[in-house]
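Report on one structure; see the data block that follows.
The values are calculated or read from the model by the stated rules, or taken from the named source; none is laboratory data. Here the structure is a predicted model, which is why all the values come from computation and not from measurement. All Cβ positions, glycine included, derive from the backbone under ideal geometry; neighbour counts span all protein chains shown. Note: areas computed on protein heavy atoms with side chains; ligands, DNA, RNA excluded. Shrake-Rupley method; radii C 1.70, N 1.55, O 1.52, S 1.80 Å.
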Amino acid sequence: MTSFSLILSPISCSPGTRAALIAYPESGLDTEECWHSFHPWARRIYCARRAITNTLAQTGTVSSQPIRFTMATDHQNPASKQQQPGTSAFKLIIYEQENFQGRCHELTGPCNNLQEAGVEKVGSILVRCGPWVGYEQAMCKGEQYVFEKGEYPRWDSWTNSRRSDNIFAFRPIKVDSQEHKIVLYENPSFAGKKIEIIDDDVPSFHAHGYQEKVSSVRVQSGTWVGYQYPGYRGYQYLFEKGEYKDSTEFGAQFPQIQSVRRIRDMQWHQRGTFHPATGAN
């Protein structure tokens, strides 16, 4: 019979227990007494391995590849393959429960409907490579949530609008410019008073003397996120390079933006991404 291995994701246990979670039939670990002396997860692995071995023996099926079981019990090493050279520049892991618990799902590209992809609920999010934007509704509609590389243990770590904690769609955000320039206008079709921002984050338009509404936006370079209130609070609005002639084109119900910042990543900026705890200071 060909050797089989069963591999469990790293869990909170001692190094000795962790090492014992990889077992081969020809090793000295293939006894019930040995497996039962380790972590409870090891006992489950023993039973699972025995069941598969018996089934394959009865059917005569032989495989030269190891059989792997992966359980996402450690959010630092979830049930996703490790990054390999040449893989996607975008990677986001969704957990169905808060604090990186429960079933997890990996995305490396856009998903217009998470429920159709088998995701029942978004409880917490781990962004390996980004940035990303999530949407309150399927087909990338509704309230927007911008995610950069980091950990989001529960819904209030990615929004404070308190309108909804639902996310039903995701897509990556392409950041392809080191330069940043955005112009925001009081009236639709780029009319009225304006505020122009170049290579800077602005936590309060009022502090810069601009107290008008924002009805249209022209992004000349870079990728930005605008916020309904000062201090990067309230509804979020993603601005990619291009023109937005009316507030409805960037998803706003009301033409109100009072702070804006650049979306950055390690490709262009050594300081990396935005940290909400310090961003509003």
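Whose amide H sits under 5 Å from the amide H of residue 221, counting only residues 5 or more places off or on another chain, with H placed in the peptide plane?
Here the answer is 181, since their amide H atoms fall under 5 Å of that of residue 221.
Measuring with a 1.4 Å probe in the full set of protein chains, what accessible area per residue, in whole Å², belongs to region 104-234?
On the way: 5780 Å² over 131 residues.
Counting only protein heavy atoms, the per-residue value for region 104-234 is 44 Å².
Given Cβ point charges of +1 (Lys, Arg) and -1 (Asp, Glu) and nothing else, what value in debye, to the nearest 20, does the dipole of region 134-244 about its Cα centre take? Don't jump to the answer; show the numbers that get you there.
On the way: 14 positive and 16 negative charges, 59 e Å.
It works out to roughly 280 debye.
To check my understanding: the extent here is largest minus smallest coordinate of the Cα atoms along each principal axis. What are those three numbers for region 79-222, in Å, largest first?
51, 37, 26
Tell me, what is the FRET efficiency for residue 128 and residue 200 to the nearest 0.05, using R0 = 45 angstrom and their Cβ-Cβ distance as r? If you can, show how the numbers build up before the last one.
Numbers: r = 28 Å, r/R0 = 0.63.
After rounding, the FRET efficiency stands at 0.95.
Longer than 22 Å from Cα to Cα, which of 174/213; 91/181; 141/174; 91/245; 149/213; 181/245 are they? Say none if no pair is.
Working: 174/213 28 Å; 91/181 27 Å; 141/174 18 Å; 91/245 32 Å; 149/213 31 Å; 181/245 17 Å.
The answer is 174/213; 91/181; 91/245; 149/213.
Along region 91-106, what does the Karplus equation 6.51 cos²θ - 1.76 cosθ + 1.60 (θ = phi - 60°) give for ³J(HN,Hα), rounded to whole Hz, x for Gly and Pro?
8, 9, 10, 9, 10, 7, 10, 5, 6, 6, 10, x, 4, 10, 9, 9
Given points 7 Å out from each Cα along the Cα-Cβ axis, report the residue 207 to residue 220 separation in nanometres with one decimal.
Between residue 207 and residue 220, the label points sit 2.4 nm apart.
For residue 178 paired with residue 137, estimate the spin-label separation in nm (one decimal), with each label point 7 Å from Cα along the Cα-to-Cβ line.
4.1
For region 145-249, with all protein chains present and a 1.4 Å probe, just round the carbon and sulfur fraction of the accessible area to a whole percent.
Working: 1990 of 4850 Å².
With neighbouring chains kept in place, the figure for region 145-249 is 41 percent.
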